[in-house]
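Trainee: Please find one structure pasted underneath; my questions will follow.
Every number here is computed from the coordinates shown, using simple stated rules; none is lab data. Since the model is a prediction, treat every value here as computed from it, not as a measurement. Note that each Cβ is placed from the backbone with ideal geometry, even for glycine, and that neighbours are counted across all protein chains shown.
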């Protein structure tokens, strides 16, 4: 549930701070009062497309911040997304912010830490549904159907346990695959070393043989000179 919304220098809004309570909240006003702009700001906060035209005239950047209370039904999925990026702080509260600068740069933050726009969008699918013309509904997202069924059947805890077991199983499989790869590499290394040993044994090397070979090479390299000196000596 959205608890607080802060919008600054966005479209025609200079500075807006909304504190929302429980229950049903209605915004009313004549055309052009800015009702749709609040919805637009929410969409930007949750990963919607934005450009520099959203920045209020005369300002350098627009800032949108929201504080959400995490309902028990969505906590497991939201926590999973946050933990994957090491962004989980308060298990019951989530703070999102997005700064849109006039030069086109966007800065997204989750719980005070810089995050990607894609991460905001992923979280937004769990936090807010926008019901309106040409807007998506969670009922129409096929990926949400299994979550709805699980919530209806009160299977969230069972699914969380299954997910934990599945992650453990996947980790064990990865470790097993790594061990098998290591075993194969060790076997190849052993074959290579056996081949090297066979080559060394076939060479029948002798102690200090290298020194003798070096001396022999020197004699052969100077064979012609030695022969000439031998003839002269005779």
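Trainee: Starting from the range 103-117, keep only residues that are on the phi < 0 side of the Ramachandran plot, then list their pairs with residues that are loosely packed, with under 14 Cβ neighbours inside 10 Å and in a loop (DSSP other than H, G, I, E, B) whose Cβ atoms are within a distance under 7 Å, requiring at least 6 positions of separation or different chains.
Mentor: 108/116; 115/85
Trainee: Continuing with this model, one more query. Could you list all residues from the range 152-204 that are surrounded by 10 or more Cβ atoms within 10 Å (Cβ to Cβ) and not in a helix (DSSP H, G or I)?
Mentor: 153, 155
Trainee: Quick one: how many residues across the range 22-39 are in contact with a helix residue (DSSP H, G or I) (Cβ under 8 Å, 6 or more places away or on another chain) and either in contact (Cβ under 8 Å) with a residue 12 or more places away in the chain or part of a helix (DSSP H, G or I) (or both)?
Mentor: 0
Trainee: Go through the range 66-92 and give me each residue that's in a loop (DSSP other than H, G, I, E, B) and either surrounded by 16 or more Cβ atoms within 10 Å (Cβ to Cβ) or in contact with a helix residue (DSSP H, G or I) (Cβ under 6 Å, 6 or more places away or on another chain) (or both).
Mentor: Selection gives 70, 73, 74, 87, 88.
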